[in-house]
Amino acid sequence: MFPIHDDTERIHGRPYVNYSLIAINVIVFVWEIIVTGYFSDELAVAEIFSKYGAIPRSVLNGDLLSILTSMFMHGGIAHIIGNMVFLFVFGDNIEDRFGHIKYLLIYLAWGAAAAIIHSIFAVSAGGGMIPAVGASGAISGVMGAYLVMFPRAKIFTVIIAFFITTVRIPALAYIPFWFILQVIFGLIDPFGGVAYLAHIGGFVAGLGAGYAWKLFLSGKNITNPLFKTDSQIIRKQRPKIEESIPQASPEVIEGPNFYEIIAEIHGVSDATDINASFDPDTGNVRIIARGSRNYNMLAKLPTTAGKPTVEYIHYLNGIARIRLTK
């Protein structure tokens, strides 16, 4: 399975940091090709990997610079193409949520966490002098954070077996499946040429950062507070759902095999803050959104609607698009 792109829309413009990371990786790889004669000079390959790769024993002895340099090196064309495609598909939305500077710093932190976890295992297994290279650990962190922040996203994926086809796979299925494969391969061949422990460590670090962002940085649990000082105590009051009135009633659009509801919703961080459910008794779709403003609204479907199901929810610039299949 090879991801092509996702359906998560960016809000804050182009992901310049993600583009720059991809460009730096490609430039470094071109340099590797020149120096090693497209990896045909084994002595040159060993020399640059030993000099710029993350040697586990050295990492645990405090060689942090090698962690940074190793994150931009790759061992072959398939290695870099695979990593850069995953970074292109998943990294832009993480940068969109964290912001440029925080994304760069936490990307490097995920790579460092992955390298340290791999180094601990490698030293304990007797491979402490084998250098590790690649951006996989940091990109695994990107995927862990993506799973938390965009669980409802669809990943457009190429499947190559006895045939070639494209499918849309929910992130909630695609990314855990990928992670399970890393665990299985790590158990089957822990001493092979792939640092699966780095993938696992980076992914877990990304999950933690994603949850921290959701809890403390996204504004999901932060309202527009009314602060009242009483004996130097500040109390924050959360508005009730019924006190937040939407600016306009939702608009319902009927297609050949779907309904789409357009609702104006402000004060939420992303589509994960919005929930929609169809009530077959009333024929209404109830839309609940929680953020700095809370919403509880109804959208009336035609009487011939039957029992539609919510396929996905998009949110961009204050507009929620809720797609239901007939």
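The values are calculated or read from the model by the stated rules, or taken from the named source; none is laboratory data. The model shown is predicted, which means the values in this text are computed figures rather than measured ones. Quick reminder, even Gly has a Cβ in these numbers, built from the backbone with ideal geometry, and neighbours come from all protein chains shown.
Okay, residues lined up against (1) in a strand (DSSP E or B); (2) in the same structural domain as Asp7 (by TED's automatic domain parsing); (3) at pLDDT 85 or above; (4) not β-branched (Val, Ile, Thr):
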{"site": "Arg238", "(1), (2), (3), (4)": "no, no, no, yes"}
{"site": "Val252", "(1), (2), (3), (4)": "yes, no, yes, no"}
{"site": "Val268", "(1), (2), (3), (4)": "no, no, no, no"}
{"site": "Asn275", "(1), (2), (3), (4)": "yes, no, yes, yes"}
{"site": "Asp281", "(1), (2), (3), (4)": "no, no, no, yes"}
{"site": "Arg286", "(1), (2), (3), (4)": "yes, no, yes, yes"}
{"site": "Ser292", "(1), (2), (3), (4)": "no, no, no, yes"}
{"site": "Met297", "(1), (2), (3), (4)": "yes, no, yes, yes"}
{"site": "Tyr312", "(1), (2), (3), (4)": "yes, no, yes, yes"}
Farther than 30 Å from Val59 by Cβ, part of a helix (DSSP H, G or I) and either modelled with pLDDT of 95 or more or not hydrophobic (A, V, I, L, M, F, W, C) (or both) - does that describe any residue in the range 184-207? no
Can you confirm whether Asp279 is buried (at least 21 other Cβ atoms within 10 Å of the Cβ) and in contact with a Lys or Arg (Cβ under 8 Å, 6 or more places away or on another chain)? no
Among the residues that make up the range 36-43, is at least one of them surrounded by 18 or more Cβ atoms within 10 Å (Cβ to Cβ), under 29 Å from the mean Cα position of the chain (by Cα) and modelled with pLDDT of 95 or more? no
Scanning the range 38-78 for residues that are assigned to a helix (DSSP H, G or I) and not hydrophobic (A, V, I, L, M, F, W, C) gives Glu42, Glu47, Ser50, Lys51, Tyr52, Pro56, Arg57, Ser58, Ser66, Thr69, Ser70
Give me the pairs, please: first residue somewhere in the range 274-287 and over 15 Å from Val252 (Cβ atoms), second residue anywhere and of a type in the set (A, V, I, L, M, F, W, C), beta-carbon distance under 6 Å, and either six or more positions apart or on two chains. Ile274/Ala289; Ile274/Ile313; Ile274/Ala320; Asn275/Ile288
Among the residues of the range 120-129, are any under 22 Å from Val26 (Cβ atoms) and assigned by TED's automatic domain parsing to the domain that holds Glu47? no
Matching residues in the range 6-37 - criterion: being outside any helix (DSSP H, G or I) and closer than 20 Å to Phe150 by Cβ: Asp6, Asp7, Thr8, Glu9, Arg10, Ile11, His12, Gly13, Arg14, Pro15
So for the range 119-142 (the condition being farther than 24 Å from Gly53 by Cβ, under 24 Å from the mean Cα position of the chain (by Cα) and not in a strand (DSSP E or B)), does at least one residue qualify? no
Given the structure, is Asp92 acidic (Asp, Glu), within 22 Å of Pro176 (Cβ to Cβ) and either within 22 Å of the chain's Cα centre (by Cα) or not in a loop (DSSP other than H, G, I, E, B) (or both)? yes
